[in-house]
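The values are calculated or read from the model by the stated rules, or taken from the named source; none is laboratory data. Small disclaimer: the values here were computed from a predicted structure and weren't measured. Positions of Cβ are generated from backbone atoms using ideal geometry, with glycine treated the same way; all protein chains shown enter the neighbour counts. Only protein heavy atoms, including side chains, enter the accessible area calculation; ligands, DNA and RNA are left aside. Shrake-Rupley method; radii C 1.70, N 1.55, O 1.52, S 1.80 Å.
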Amino acid sequence: MRRLYPNIILLLLLGVVLSGCTEPYALQTNTFESALVVEATLTNEVKNQQIKITRTYRLETGAPTAETGAEVNVTDSEGNTYTFAESNGVYISTNPFEAVAGKTYRLNIVTREGKTYTSTAESLTPVNPMQQVTASVQEKDGQRGASINVSAFDPSGNSQYYRYEYAETYKIIAPEWDDERTILAPFVPGEPQGILIIPREGETKICYNTQNSNDIIQTTTVGQNEDRVNFQVRFISNKNYIISHRYSILVRQYVQNLAAYTFYKTLKKISGNGSLLSQTQPGFFFGNLRCEDNPAEKVIGFFEVASVSSQRIFFNYADLFPGENLPPYIADCKIREFKNCFDTFDPECKGAALISVIGSNDLLYVDSDGSQTFFFMVKPPCGDCTTFASNIRPDFWID
C-alpha cells in the first residue's frame with residue numbers, strides 16, 4: 001500500500017504556535033497528543049488487501065511509528081470476517097478477497113493496549129473502469145512537457161468522484177559508461193601507487209528506477225453535463241531526465257463516494273503542497289473511524305471501499321519530441337583529466353588526486369591514453385547507473 005497521507009499529517013494534532021519570522025527557527029512540539037493514523041482502501045480486486053496503521057509523531061522525531069501488535073479484521077454485512085496479519089509494519093489479509101457490490105464492510109482494530117476502533121459501514125462504489133491513458137505534448141506554466149491524461153465515462157452518472165495514484169518507471173542509460181574500471185594495485189613500499197584497469201562486471205550501463213506518486217490526486221465531474229473524465233494525472237517537463245529514453249506509468253483510478261472524496265480533498269487542503277509556514281494552518285478533522293472506548297478520542301484516517309481500475313502505458317522520448325536533444329542528465333558529466341605523475345614541480349601532475357578519487361570512488365574511469373599517463377574520469381552516476389538506480393529489469397518492462 002502506498003503512503004497516501006503526507007507526513008505533514010502529524011501536524012493535525014500538534015499545538016504549535018507559529019509567527020512570522022525572517023530567521024530560521026527550529027520547530028519543536030509544545031504539546032503532543034498521540035493519535036491512531038489509519039490508511040485503508042479496500043478494493044474490488046481479488047488480492048491480499050492491506051491496511052497501514054501508524055501513530056502521529058513529534059516534529060523532532062521526523063518519522064511515524066508503526067502501530068504493532070494490533071488485531072485487525074474487516075467484517076461484512078453477511079457475517080464474514082476477513083482477518084489481517086502484521087507484516088513489516090503493514091497489516092495484510094491472511095487470504096485474498098475482494099469487495100463486492102451489495103455488501104457493506106466495516107474495519108475493526110483492537111490495539112495491543114486493548115482499545116477498540118471501528119469504522120462506519122462502507123459499500124463498494126460504482127465500477128467505472130478507465131477508458132484510456134494517453135501521453136501527449138502540452139504546455140503547463142510556460143513549460144513544454146509530456147502530459148499524462150486519463151479518460152473515463154460513466155453513462156449512468158453515478159461515479160462522479162475520482163482519486164488517482166501512479167507508479168512511474170523509467171530507463172536510465174549512463175552517458176559516459178565504459179566496459180572497464182580502475183582499481184588501486186597492491187601497494188609496494190618505495191614505489192608510487194599503481195593503478196590497474198580491469199573489466200567491469202555486471203550491468204552498470206542500463207538501469208531502471210520506479211517512483212510512486214506521493215500527492216493526493218482527485219477530480220470530480222459534479223456540475224458537468226455528463227460523468228466524463230479527461231484529467232491530467234501527471235505532467236513531466238521535457239527537461240526532466242526521467243523521460244530521456246523510455247518511460248512507463250501505471251495509473252490506478254479509484255471511484256470514491258462523496259464522504260471519501262471530501263476527506264481526501266480536505267486533507268490535501270490542510271496539508272498543502274508548500275511550506276509548513278503557509279497561511280492555511282493544520283487543524284483536526286474527523287474521518288469515518290472512532291474509538292469505541294472513548295468517542296472523543298481523535299482518530300486520523302478513512303476506511304474506504306472503492307472500485308479500482310488500472311492501466312499502463314509506455315513511450316520513448318523520441319515518440320513525443322522527435323529530433324530534439326535529450327533532457328539534461330541527473331548529474332554533471334563533464335570529463336575530468338588527470339595526469340598520472342607525482343612531480344611536485346609540475347603543476348599538471350595530479351597523481352595523488354587521481355589515487356584519491358579512485359580509492360574513494362568519488363570519480364569513475366572513462367578512458368586513458370595508451371601509456372596510462374592520462375586518465376579521464378567522471379562522476380559516478382555518469383559512468384555507473386547502479387550508484388542511484390537498479391540494474392534489474394522489471395518483469396513488466398517492454399522495450
Next on the checklist: Before I look further, what does segment 213-349 give for accessible area per residue, probe 1.4 Å, in whole square angstrom?
Outcome noted: 51
Next on the checklist: With angles folded into 0 to 90 degrees, how steeply does helix 351-360 sit against the dominant principal axis of the chain? Use alpha carbons for both and round to 10.
Outcome noted: 30
Checklist outcome for this item: Between residue 215 and residue 75, the two model label points (7 Å from Cα along the beta-carbon direction) sit apart by a distance in nm of 4.1
Next on the checklist: With a 10 Å cut-off between alpha carbons and a GNM built on the chain, which of 55, 252, 112 moves the most?
Outcome noted: 112
Checklist entry - Mind listing P(r) for segment 70-182? All alpha-carbon pairs, 5 Å bins, whole percents. => result 2, 7, 11, 12, 12, 11, 11, 9, 9, 7, 4, 3, 1, 0
Item to check | Positive-pole candidate from 237, 206, 224, dipole of segment 127-248, charges at beta carbon | outcome: 224
Item to check | Fraction of alpha-carbon pairs over 29 Å apart in the chain - percent | outcome: 59
Next on the checklist: How large a share of the accessible area of the chain, in percent, is made up of carbon and sulfur atoms when the probe is 1.4 Å and the other protein chains stay in place?
Outcome noted: 49
Checklist entry - Lysine pairs, Cα distance under 30 Å, 8 or more residues apart or cross-chain: how many in segment 282-399? => result 5
Item to check | Degrees between helix 258-271 axis and first principal axis of the chain (Cα, 0 to 90, nearest 10) | outcome: 40
Checklist entry - How many nm separate the modelled label positions at residue 45 and residue 353, each set 7 Å beyond the Cα in the direction of the Cβ? => result 5.2
Next on the checklist: As an exercise, use a Förster radius of 41 Å and the Cβ-Cβ distance of residue 198 and residue 222 to find the FRET efficiency, rounded to the nearest 0.05.
Outcome noted: 0.05
Checklist outcome for this item: Checking 356, 93, 213 against a Gaussian network model of the chain (alpha-carbon springs below 10 Å), the top fluctuating residue turns out to be 356
Checklist outcome for this item: Here FRET efficiency (C-beta to C-beta, residue 341 to residue 206, R₀ 41 Å, nearest 0.05) is 0.70
Checklist entry - Given 0.36 nm per residue, what is the gain on full extension from residue 94 to residue 398 after removing their alpha carbon distance, in nm? => result 106.2 nm
Item to check | Alpha-carbon centroids, segment 125-192 and segment 307-358: separation in whole Å | outcome: 20
Next on the checklist: Give me the percent relative contact order of segment 342-399, please, defined on Cα pairs under 8 angstrom at least 6 residues apart.
Outcome noted: 19
Checklist entry - Considering the chain as a Gaussian network with a 10 Å cut-off on Cα pairs, which listed residue, 44, 240, 80, attains the greatest mean-square fluctuation? => result 80
Checklist entry - Taking 0.36 nm per residue of separation and subtracting the Cα-Cα distance, what length does fully extending residue 314 through residue 183 add? => result 43.3 nm
